[in-house]
Amino acid sequence: MKTQVGIIGAGPAGLFLSHLLNQHGIESVILEARSRAYAEGRVRAGVLEAGTINTLNNLGLGDRMNREGLVDNGLDMRFRGRTIHLDLPGLTGRSVKIYGQQEVVKDLIAARLESGDPLIFDAEVIRLEGLDSDAPRIHYRHEGIEKTLDCLFVAGCDGFHGIARAAVPEGLIQTYTREYDFAWLGVLAHAAPMADMTYTNHDRGFALCSRRSMSISRLYLQVPLSDTQEDWSDSRFWDELHTRMFDGNGQEIQEGKIFQRDIARLRSYIAQPMQYGNLFLAGDAVHIVPPAGAKGLNMAVADVRVLCRSMAAFFSTGSRAGLDRYSAECEQRIWKTIRFSVHLTGLLHRFNEHTPFERGTQLAELEHIASSESAQRMIAEQYVNLSDVAD
Ligand SMILES: Cc1cc2nc3c(=O)[nH]c(=O)nc-3n(C[C@H](O)[C@H](O)[C@H](O)COP(=O)(O)OP(=O)(O)OC[C@H]3O[C@@H](n4cnc5c(N)ncnc54)[C@H](O)[C@@H]3O)c2cc1C
């Protein structure tokens, strides 16, 4: 099989890229290691910035998002039993949209399959060859048979544990990492959500109340890395959430049936440069941010918008200039986004290594934000828009 762009991975990065390329008449084939059901069922991100919303709309695929997505105008932060309310439109003129990543993925997959363009599930890429040549070759396994895909460019959109980044010869990519020694236990529950996205920094740890619809809450607790889902019965989860949210009489947070749970460890990671020869990396394959800033999906979409623009320029003019600049063009935006996510994580979580002195300065920063509109605007601006790029 032959194509212009071989895309590894049908997560948000790979799927958005395929549709963007298609708009420019550029052919692609997507190879996805997992099944369609798995790709569509993976519950992860839910906050969409304007850049992501506009991209989906410009592709003509935003109908369901516009019908079912919820506009989020507020971001609340609690500490010492008080609430700082960030009025996002008031502070920035913008808001964000709540629409689950798995819904975005479903919409993108449905449109791709409808168009008849190749998206092959259960096709695990096992080896990449000739990445520094004009004729890269992707080796993959499908239905028990080893097959090849020849292409001009390979897009490594295969997430943090994918094969593409690892295919770059050692020493050519520099990585920067920060691991956290806690995780997020996330649940979905059939329960009416709180009106605003609400973060809390409690002596017992961080918690977050978010939503996926007017009847489904997305809720998180900071937990030790060693905890498993079995450690958290439903009643223990709800009790802890009420406590950390300063919901003393248990009336504010609605409880309901928990129907999905996961534990995600937190890390910050960036690999540079994001390209090698004719391999271009995007999304979680090259950067991970702790989820507090709600940025991972939005960053992935911004990456592939830049990548698509560079590829489109190549196919229309023959110039590699944009492709050669791809990584450099993305890096500053990514570092800024990592900085914001790391800052929010540091502001809102309890750290084992914190001395009473550091706890004091953390709470003092929250006090400062509570009393300063400029400080609130700084957070709000970065929350609503760090991932917009020129198309
Ligand atoms: C708990 C949690 C909450 C989050 N909340 C938010 C949020 O609110 N907002 C936000 O913006 N982001 C959030 N994120 C981050 C966001 O989900 C990711 O950044 C996003 O999924 C990245 O998309 P991607 O396409 O780069 O990678 P992925 O979604 O990881 O997709 C990569 C795909 O590649 C496939 N693949 C891997 N290896 C191979 C191979 N060898 N061959 C073929 N296919 C392969 C995988 O199966 C996968 O489908 C959250 C993440 C987590 C874990």
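A few remarks follow.
- Enumeration of residues in region 165-186 that are within 11 Å of the ligand (Cβ to nearest atom) and assigned to a strand (DSSP E or B): 183, 184, 185, 186
- Tally of residues being assigned to a loop (DSSP other than H, G, I, E, B), more than 8 Å from the ligand (Cβ to nearest atom) and either closer than 27 Å to residue 74 by Cα or at pLDDT below 95 (or both) across region 281-304: 1
- Residue in region 241-249 that is under 26 Å from the mean Cα position of the chain (by Cα) and assigned to a strand (DSSP E or B) present: no
- Inspection of region 34-51 identifies no residue that is in a helix (DSSP H, G or I) and more than 15 Å from the ligand (Cβ to nearest atom).
- Region 300-340 - residue that is aromatic (Phe, Trp, Tyr) and within 20 Å of residue 285 (Cα to Cα) and, of those, farthest from the chain's Cα centre (by Cα): 326
This table checks each residue for (1) farther than 30 Å from residue 201 by Cβ; (2) assigned to a helix (DSSP H, G or I).
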| residue | (1), (2) |
| --- | --- |
| 54 | yes, yes |
| 61 | yes, no |
| 85 | no, no |
| 104 | no, yes |
| 110 | yes, yes |
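Each row is one residue, and each column tells you yes or no for (1) in contact with a strand residue (DSSP E or B) (Cβ under 8 Å, 6 or more places away or on another chain); (2) not assigned by TED's automatic domain parsing to the domain that holds residue 272.
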| residue | (1), (2) |
| --- | --- |
| 80 | no, yes |
| 110 | no, no |
| 129 | yes, no |
| 132 | yes, no |
| 135 | yes, no |
| 144 | no, no |
| 154 | yes, no |
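- Put simply, of 81, 90 the only residue that is on the phi > 0 side of the Ramachandran plot and either modelled with pLDDT of 95 or more or not aromatic (Phe, Trp, Tyr) (or both) is 81.
- Residue 71 touching a Lys or Arg at 6+ places or on another chain (Cβ under 8 Å), surrounded by fewer than 16 Cβ atoms within 10 Å (Cβ to Cβ) and outside any loop (DSSP other than H, G, I, E, B): yes
- Residue 98 satisfies every condition listed in (1) closer than 30 Å to residue 363 by Cβ; (2) away from the ligand (no atom under 13 Å from the Cβ); (3) surrounded by 15 or more Cβ atoms within 10 Å (Cβ to Cβ) except (2).
- A count restricted to region 341-391 and to residues that are in contact (Cβ under 8 Å) with a residue 24 or more places away in the chain, in a helix (DSSP H, G or I) and of a type outside the set (D, E, K, R) stands at 17.
- From 340, 351, residue being over 26 Å from residue 167 (Cβ atoms) and surrounded by 19 or more Cβ atoms within 10 Å (Cβ to Cβ): 340
- Within region 137-164, considering residues that are assigned to a loop (DSSP other than H, G, I, E, B) and free of Cβ contacts under 8 Å to residues at least 60 places away in the same chain, the one nearest to the ligand (Cβ to nearest atom): 161
- Test for residue 276: is it within 14 Å of the ligand (Cβ to nearest atom) and modelled with pLDDT of 95 or more: no
The values are calculated or read from the model by the stated rules, or taken from the named source; none is laboratory data. Since we're looking at a predicted model, the values are computed, not measured. So basically every Cβ, Gly included, is an ideal-geometry build from the backbone, and we count neighbours across all protein chains shown.
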